[in-house]
Structure formats: C-alpha cells, structure tokens
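Below: the structure, in structure tokens.
The values are calculated or read from the model by the stated rules, or taken from the named source; none is laboratory data. Please read these numbers as outputs of a predicted model, since none were measured by experiment. Heads up, the Cβs are rebuilt from the backbone with ideal geometry, glycines too, and the neighbour counts pull from every protein chain shown. Calculation scope for accessible area: heavy atoms of the full protein, side chains included, ligands and nucleic acids excluded. Shrake-Rupley method; radii C 1.70, N 1.55, O 1.52, S 1.80 Å.
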Amino acid sequence: ARTLVAALHASRYKITVFLFTVLTIVVVVGSLMFLIEGPDSGFTSIPRGVYWAIVTLTTVGYGDIHPVTPVGQTMAALVMVMGYGIIAVPTGIVTVELAHQARRIVSARRCPACGKGDHDTDARHCKGCGAALWKDGTA
C-alpha cells in the first residue's frame, strides 16, 4: 500500500497533464460533433456534444444520442478507439512509478544517532537527523 501511494504521488503531475489533455479532447470533439451532426441528431448544444464525447470516450456510448452522418460516425469510431488507448496511459504511468518504487533498495542499517532505518544503500547521512551513518564515512 505504501508503494502504491508513493507511486501515485510521484506520478501526480503526469496524471494532471493527462486529465487536462482528455478534457481538451472532449471539448474539441464535442464541439465538432455539434457542428457536424446538429440538433436533428440530438446534438442540441456544445455541452450536449461534450457529454456525448465523454460518454463515447469512456464507455463507447450509452446510445441516448448518436451520430447519423458518415462523418459523425467515423469520428465516433475514432473516439471509441482513442478511448481504449487512453485507458492504457494512466495505467502505464502508475505502473512505471510502481516499478521505480519497487527497485528502490534500502539498507537494513540504522542511524547510530537517532535509530532511524530505511536508508538508501548509498546514503552517507541519516534522512531523519542528518548524522553520519557510518563512522568511517563509507557505506
């Protein structure tokens, strides 16, 4: 659990950029679908188009509104395929950070001054109190 929390914390900026990108995509695609399809297909406003884009990107649609023109249907297919690809991005980001956390090797030795453990193997000073970890200065 601690490793997962550390991985999520380490990847927070990447995930923020990812979510901002997804938000931008759904606004652009939703606006385009409003222009392409129009009110006759249920795209009565840009927010309605954005709703459709979110639903289609994340679940391949509910069917309450759907494109009827060939251009709109082609865009819907691309958005659905993009949705499958987008699922992999945050999963990959967190997985990479989990791997980094798992590779972090720590020493079992404790600080002679404060007793704190869990130091990196190449650490020369305690991360808790700053005292030298080894009397001769070597790890």
Margin query: Could you work out [θ]222 nm for the chain from helices alone, using -39500 (n - 2.57) per DSSP H run of at least four and dividing by all its residues? Round to the nearest 500 deg cm²/dmol.
Written below: -20500 deg cm²/dmol
Notebook entry, point to check: At a probe size of 1.4 Å, how large is the accessible area of Met80, to the nearest 10 Å²?
Noted result: 60 Å²
Next item on the list: Summarise the accessible area of the chain (1.4 Å probe, protein heavy atoms) by the percent that is carbon and sulfur.
Entry: 67 percent
Next item on the list: Give me the distance in nm between label points sitting 7 Å out from Cα along the Cα-to-Cβ direction at Ala99 and Cys114, one decimal.
Entry: 3.3 nm
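Hydropathy first: keep DSSP H helices in the chain averaging at least 0.0 on Kyte-Doolittle, then drop any whose Cα extent along the axis falls short of 30 Å, and list what survives. Kindly include the intermediate steps, with their values, before the conclusion.
Values: long enough: 12-37 (37 Å, 1.83); 70-103 (50 Å, 1.02).
Going by DSSP H runs, the hits are 12-37, 70-103.
About the Cα centre of the chain, what is the dipole size in debye to 20, counting +1 per Lys and Arg Cβ and -1 per Asp and Glu Cβ, all else neutral?
Working: 12 positive and 8 negative charges, 207 e Å.
I would put it at about 1000 debye.
Express in nm, to one decimal, how much length is gained between Leu23 and Ala10 on full extension, taking 0.36 nm for each residue of separation and deducting their alpha carbon distance.
Values: separation 13, 0.36 × 13 = 4.68 nm, distance 2.18 nm.
Stretched out fully, the Leu23 to Ala10 stretch lengthens by 2.5 nm.
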Check: Just the accessible area per residue of the chain, please: how many Å² with a 1.4 Å probe?
Finding: 64 Å²
Next item on the list: Please identify, among Ala53, Ala108, Ala99, the residue showing maximal mean-square fluctuation in a Gaussian network model of the chain using a 10 angstrom Cα cutoff.
Entry: Ala108
Next item on the list: Note down the accessible area of Ile46, probe 1.4 Å, to the nearest 10 Å².
Entry: 80 Å²
